[in-house]
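What follows is a short report on a single structure.
The values are calculated or read from the model by the stated rules, or taken from the named source; none is laboratory data. It should be emphasised that the depicted structure is a prediction, and the values quoted were computed from it without experimental measurement. With ideal geometry, Cβ positions are generated from the backbone for all residues, glycine too; neighbour counts draw on all protein chains shown. Please note that ligands, DNA and RNA were not included when accessible areas were found on the heavy atoms of the full protein model with its side chains. Shrake-Rupley method; radii C 1.70, N 1.55, O 1.52, S 1.80 Å.
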Amino acid sequence: MDPASAVAAIAANPANFTELVAQLQDADNDRRKAAESVFDALKEQPDLCLTCLVQTLRTCASTEARLFCGVMIRKVIYYRSDSDIKAPVLWDKCSAPVQGGTKQALLEAVVQEPDRNVASKVCAAVSDLANLIYNKGGWPELMPTLLQMLTSNQQPQIANGLSVLADVASYLTEHLKPQLQEFVNMLVSFLGCGNNDVTVSAANAATAFIEAFEEPAARSVLSPLVQPMLAVLGQLLSKGDEDEARSVLEMFIVLAESSARFLRPHLIPLVDAMMRVAGAGDKLEPTTRQLAVEFLVTLCEAREQSPGMMRKVPNLARSLFELIMTFLLDIEVRGGGELYDPGQEYLDRLALSLGGKAVSEAAAGLLGAWIADPAWQKRAAVFICLAQIAEGCTKVMSTPAYLSQLANMCVMGLGDADPHVRWAACQALGQMCTDLGPELQAAHHAVLLPALMRIMEDFNRPRVQAHACAAIVNFSEGVESEVLPPYLDALILQLLNLLQHGARLVQEGALTALASVADSSQDLFKKYYDTVMPLLMHILTSANAKEHRLMRAKALECISLVGMAVGKDKFRGDARTVMAYMQGVQAAGMDPDDPLASYMLQIRRSAAALLPSLLRCCISAAEAGVPGASPAAVSEFLAAAWGPLLEALRKEPEGDIQAVQLDSIGEIVEMVDKSMLGGEAIGAAFKVFDSVLEKADKRRAERASRRATEDFDAEEAEAIEAENELEEELFDQVGTVVGAFLKKFGDDVLPLVENLLMTRYGAMLTDKSRSPEERRIAICLLDDLLENSPAGMAKHFNNVLPMLLDASRSDHADLRQCAVYGLGVMAAKGPVEAFRPHAPAVAELMAGIIRAPDAKSEDNDMATDNAVAALGRVLAHHAEALGPDGGAGLATLWLSMLPLKVDAVEATAMHEQLVHMCEAQDGRIVPHAAKVAAVFAEVLGGGKTYVAGPVGLRMAQLLTRLQGAVPAEAIQSVLSSFSPKQQASYSAYMAGSVPE
């Protein structure tokens with residue numbers, strides 16, 4: 001029977017609907033799908049559909065049918081066709097008699113339904129319908145019915161009434177508020193009644209009320225609910241009813257997340273009770289104990305609501321830390337028990353929330369005892385703990401004494417007789433290199449690296465070998481350049497040995513480690529390239545079996561990083577082979593679960609960092625005419641990578657990975673031709689930038705609100721400052737990428753940049769409470785706009801100039817540096833008539849910065865170099881505004897500060913300007929020939945550091961002419977201080993060639 005005929009049959013005889021309900025639950029797919037088509041058609045007749053569901057709910061003897069109808073009523077009242085999402089929901093299409101009958105039937109069912117499961121579905125349906133119609137005056141009978149149920153002597157009715165009350169509390173607060181005290185009194189009574197169904201339902205309703213009513217006055221009325229809820233938890237545990245007890249624990253966790261400050265007056269009894277539950281050992285199930293710790297840790301994390309609150313609970317940090325450490329003992333030879341993984345997570349969260357000082361003090365005694373314990377579980381737990389708490393304890397653990405202690409502990413663990421402990425020591429060392437590096441590696445590489453390499457030799461323990469490789473990855477990332485070179489021969493030999501002879505797990509780890517070492521070594525890796533690359537290419541092209549696909553993907557990652565390290569000239573030949581291989585693989589098609597495919601799309605830290613390198617390989621291959629490589633192929637690769645990269649940035653929660661993603665976007669923009677990024681792709685990028693910064697703004701506002709709470713303390717203030725700095729870095733990184741877009745696209749992206757400036761950076765410029773660093777970030781973005789968008793310069797000149805003048809007077813050197821740089825840009829590129837009236841004031845402001853007694857101090861030297869450059873640009877472009885002599889005195893001051901050496905970019909620009917002025921016989925410079933000659937000699941001795949090669953040759957020609965016109969000692973005094981390298985650079989220029 002077709003759906004229309006079936007619906008007609010139901011309309012003729014509603015009893016046929018019961019048969020349809022049975023078919024909708026049929027295990028046979030074909031019969032069930034046919035029934036679903038009929039039900040979809042039935043929903044197009046709202047009165048008939050809802051009437052059938054309600055009648056079946058109220059009259060059918062089958063519990064399964066009633067349960068199904070209870071569920072479906074909830075769904076169909078909100079139903080609307082997918083083809084018309086703006087249409088009214090099904091309930092609004094029903095006639096008034098059907099609506100009235102449905103409401104009455106549901107209230108009767110919630111009172112009379114005998115089956116507990118069916119009743120719970122009816123309660124949910126009542127709550128959903130109330131949400132839809134109550135505030136429109138559509139269900140005046142609801143509250144009287146609920147009150148009647150709550151005042152009855154029937155415990156099922158009471159439980160059902162409480163269930164509905166809990167569900168409607170969040171959207172009926174205004175209706176409930178006048179009777180709030182009465183409801184609280186009822187709830188207190190129900191919490192103490194002793195019947196599990198009622199007490200748990202009352203606890204659920206109490207939780208809902210506490211969440212719904214946020215006003216202090218209402219919270220005061222609700223406060224007496226906490227102790228009875230805690231008593232219910234105790235009673236359930238005493239009865240051995242852990243399932244229900246876990247439900248109540250989850251309610252407390254909800255309150256810890258949403259209403260931590262509300263719990264503050266009850267903190268001591270709550271903490272004591274939860275500590276007893278968490279520490280009950282075998283008397284309680286692991287999941288129950290875990291939930292108790294979850295509550296405590298969640299309270300520790302509630303810094304937005306009540307910062308510092310948990311640190312004030314006596315002895316909490318030590319007691320909770322020691323309790324969580326026992327979770328790490330829930331481990332056997334073949335893996336962890338139910339508490340092991342949660343224990344690791346809780347240690348991490350505890351350190352981040354309570355702070356490094358509290359947790360490190362709590363850890364000291366226990367870790368010292370356990371590292372010497374005969375039980376391997378305790379020794380291993382020490383290192384797992386260190387791995388988990390290092391991030392939260394970074395400030396405390398980064399002191400030289402602490403680093404030395406940690407290094408010694410790791411060496412001890414790496415040499416432990418038990419492989420579990422050695423594995424855990426690898427875990428600790430790797431994580432601490434990330435969280436405490438590069439200081440840890442710099443200070444203790446001499447003991448740490450040899451210890452790691454020793455355990456790589458044990459082929460009987462492949463898991464430990466592989467984890468040692470993972471630790472090498474962490475060790476290498478961000479390590480200072482001078483640390484690795486002495487170990488490279490031995491380390492690379494060891495990794496190649498693992499690649500050739502290790503188990504697959506070890507080979508995969510060795511590939512990642514080799515990639516990281518190459519990335520850290522850069523040019524030094526050229527020595528090993530001819531040995532390493534053939535092996536990597538062999539793995540890439542031969543590891544085709546399904547079980548080897550991950551290894552193939554890791555080989556591609558390693559090849560890419562090795563290629564980046566040694567440079568395109570060394571890598572060019574193999575890059576063509578790699579590109580041809582990849583194109584062949586893509587042409588042949590890949591399984592969706594092939595790691596090579598996901599590697600191409602998965603954009604987190606390493607993948608994001610590799611994208612520019614892969615794109616560069618594409619471009620190099622196209623330029624070299626590699627078969628199959630072309631500009632079109634480059635565009636195709638970029639199109640495939642751009643969207644996933646932006647989406648990954650939008651979703652990424654980790655700031656350090658966002659930084660890598662932003663760097664990659666910036667590199668790609670700088671690298672590709674303008675035609676490869678169209679308006680849609682650029683607009684998508686700016687939309688993601690706005691989204692990322694919007695989230696950061698919200699986090700900033702949340703942190704600001706924490707300062708007003710009663711438990712705010714110095715440690716919390718320090719934590720907020722650290723969090724603010726991370727957010728500032730994010731704004732800085734986005735600003736840098738936006739600058740790359742401006743450099744590439746200029747006026748074409750001006751509207752997008754203006755929108756971002758207005759919505760996300762504007763407050764940094766105008767809000768006086770913002771930090772100097774925030775102002776610096778915003779002004780850097782303004783500088784990029786002024787420098788690269790002529791239309792932006794003209795449009796915003798009058799608004800920006802006062803901001804830069806004000807910031808140029810700041811005591812904050814970095815802010816001052818960005819501001820004076822911007823003034824120099826305005827002098828050189830701004831509308832001449834607009835800048836001219838301000839030229840004398842800007843020049844004098846720059847002169848004041850230059851003449852300051854501490855102008856050349858380490859803190860101020862960068863800002864001073866930029867002020868010198870800004871003054872130079874005023875002298876070059878607005879001489880007529882500086883008086884009859886063109887500012888000769890200011891020119892003398894400018895020349896006296898040359899050569900510049902701190903800011904190499906500005907140095908190059910100013911030294912070229914000096915060459916130009918000399919070639920033009922500028923009257924402001926001519927009287928100072930001896931000083932000019934000395935500057936030229938010093939600059940030429942620096943090779944290409946402070947002057948572009950061709951400009952250096954012009955400078956040398958000028959110096960040759962000056963040699964006969966100035967005292968010999970003017971030049972000789974400079975040459976006498978030269979090192980051999982400086983002398984060689986100087987001689988090359990003077991001989992007419994650019995030094996290497």
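Data table
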| item | result |
| --- | --- |
| Evaluation of residue 352 against (1) open to solvent by less than 60 Å² (accessible area, probe 1.4 Å); (2) in a helix (DSSP H, G or I) (one fails), failing number | (1) |
| Matching residues in the stretch 637-648 - criterion: being surrounded by fewer than 16 Cβ atoms within 10 Å (Cβ to Cβ) and at pLDDT 85 or above | 639, 643, 647 |
| Qualifying position, being out of contact with any Phe, Trp or Tyr (no Cβ under 8 Å at 6 or more places or on another chain) and open to solvent by 30 Å² or more (accessible area, probe 1.4 Å), among 913, 921 | 921 |
| Residues (part of a helix (DSSP H, G or I) and either open to solvent by 50 Å² or more (accessible area, probe 1.4 Å) or in contact with a Phe, Trp or Tyr (Cβ under 9 Å, 6 or more places away or on another chain) (or both)) located in the stretch 829-842 | 829, 832, 833, 834, 835, 836, 837, 838, 840, 841, 842 |
| The stretch 130-178, residues that are surrounded by fewer than 17 Cβ atoms within 10 Å (Cβ to Cβ) and aromatic (Phe, Trp, Tyr) | 171 |
| Only one of 307, 314 that is under 23 Å from residue 254 (Cβ atoms) and either in the same structural domain as residue 370 (by the TED database) or not in a helix (DSSP H, G or I) (or both) | 307 |
| Members of the stretch 225-234 that are surrounded by fewer than 18 Cβ atoms within 10 Å (Cβ to Cβ) and closer than 11 Å to residue 192 by Cβ | 227, 231 |
| Hits in the stretch 441-457 - residues which are assigned to a helix (DSSP H, G or I) and either farther than 9 Å from residue 475 by Cβ or open to solvent by 10 Å² or more (accessible area, probe 1.4 Å) (or both) | 442, 443, 444, 445, 446, 447, 450, 451, 453, 454, 455 |
| So residue 466, is it open to solvent by less than 40 Å² (accessible area, probe 1.4 Å), under 28 Å from the mean Cα position of the chain (by Cα) and at negative phi | yes |
| Flag if residue 675 is open to solvent by 20 Å² or more (accessible area, probe 1.4 Å) and among the polar types (S, T, N, Q) | yes |
| Residues of the stretch 864-906 classified as more than 21 Å from residue 832 (Cβ to Cβ), among the small types (Gly, Ala, Ser) and open to solvent by less than 10 Å² (accessible area, probe 1.4 Å), total | 1 |
| Failed item in (1) assigned to a helix (DSSP H, G or I); (2) open to solvent by 80 Å² or more (accessible area, probe 1.4 Å), with residue 653 passing the rest | (1) |
| Selected residue [surrounded by 15 or more Cβ atoms within 10 Å (Cβ to Cβ), under 24 Å from residue 328 (Cα atoms) and within 33 Å of the chain's Cα centre (by Cα)] from 284, 267, 316 | 316 |
| Which numbered condition residue 122 misses (of (1) open to solvent by 30 Å² or more (accessible area, probe 1.4 Å); (2) within 47 Å of the chain's Cα centre (by Cα)) | (1) |
| Unique match (being open to solvent by 10 Å² or more (accessible area, probe 1.4 Å), outside any helix (DSSP H, G or I) and basic (Lys, Arg)) among 944, 931 | 944 |
| Only one of 361, 391 that is under 18 Å from residue 471 (Cα atoms), in contact (Cβ under 8 Å) with a residue 40 or more places away in the chain, in contact with a helix residue (DSSP H, G or I) (Cβ under 8 Å, 6 or more places away or on another chain) and surrounded by fewer than 18 Cβ atoms within 10 Å (Cβ to Cβ) | 391 |
| Residue count, the stretch 815-864 (criterion: under 20 Å from residue 797 (Cβ atoms), of a type outside the set (Gly, Ala, Ser) and within 35 Å of the chain's Cα centre (by Cα)) | 5 |
| Residue list for the stretch 44-62, filter: open to solvent by less than 50 Å² (accessible area, probe 1.4 Å) and within 17 Å of residue 125 (Cα to Cα) | 46, 49, 50, 51, 52, 53, 54, 56, 57 |
| Any hit, the stretch 785-808, residues being touching a Pro at 6+ places or on another chain (Cβ under 7 Å), farther than 24 Å from residue 689 by Cα and of a type outside the set (Asp, Glu) | yes |
| Within the stretch 205-254, tally of residues that are among the acidic types (Asp, Glu), more than 22 Å from residue 147 (Cα to Cα) and not in a loop (DSSP other than H, G, I, E, B) | 4 |
| Odd one out for residue 905, checked against (1) within 45 Å of the chain's Cα centre (by Cα); (2) touching a residue at least 24 places away in the same chain (Cβ under 8 Å) | (2) |
